[in-house]
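The values are calculated or read from the model by the stated rules, or taken from the named source; none is laboratory data. Here the structure is a predicted model, which is why all the values come from computation and not from measurement. As a convention, Cβ positions derive from the backbone with ideal geometry for all residues, glycine included, and neighbour counts pool all protein chains shown.
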Amino acid sequence: MNATVAITLLQTILTLIPQITSSKAVNTVITALIQIIPIAVQEAQDLLGPIRNIIATLSANDKTTADQLAALKALDAQVDAAFDDAVTAYLAKRGPAPANPQ
């Protein structure tokens, strides 16, 4: 998936969230995020911001059930772990940081 297309898709989902009127619709978005997150991690770290916004917005939606909130919390943890792993991998490739002169 092209990162630009993915970002557009995520931004579209984010704009539609205020119109969600059912728990079933929340579940559909969560299912889409489950499929998108692994692609986002592989394709572009830039997608993590919109995904976090969707998770936060869904979490604040009064139509989101307790089970869905738990799924969103797990997704948020997955995003955080993926970001941390990406930073660790970047730092490992970059080598040791230069000495900090005092």
- Message: I need the full set of residues from region 24-55 which are farther than 18 Å from residue 87 by Cα and loosely packed, with under 14 Cβ neighbours inside 10 Å, in order please.
- Response: 24, 28, 31, 34, 35
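Those residues that are closer than 23 Å to residue 7 by Cβ, aliphatic (A, V, I, L, M) and over 10 Å from the mean Cα position of the chain (by Cα), I need them from region 48-73; list them, please.
The answer is 58, 60, 71.
Could you say which residue among 98, 38 is modelled with pLDDT under 90 and outside any helix (DSSP H, G or I)?
Going through 98, 38 in turn, the sole match is 98.
In region 49-95, which residues are in a loop (DSSP other than H, G, I, E, B) and at pLDDT 85 or above?
61, 62, 63, 64, 65
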- Note on the structure: Flagged in region 56-69 as touching a residue at least 40 places away in the same chain (Cβ under 8 Å) and exposed (fewer than 14 other Cβ atoms within 10 Å of the Cβ), in numbering order, are 65
- Message: Please go through (1) modelled with pLDDT of 85 or more; (2) exposed (fewer than 15 other Cβ atoms within 10 Å of the Cβ); (3) in a helix (DSSP H, G or I) for residue 17 and return the number of the only condition it doesn't satisfy.
- Response: (2)
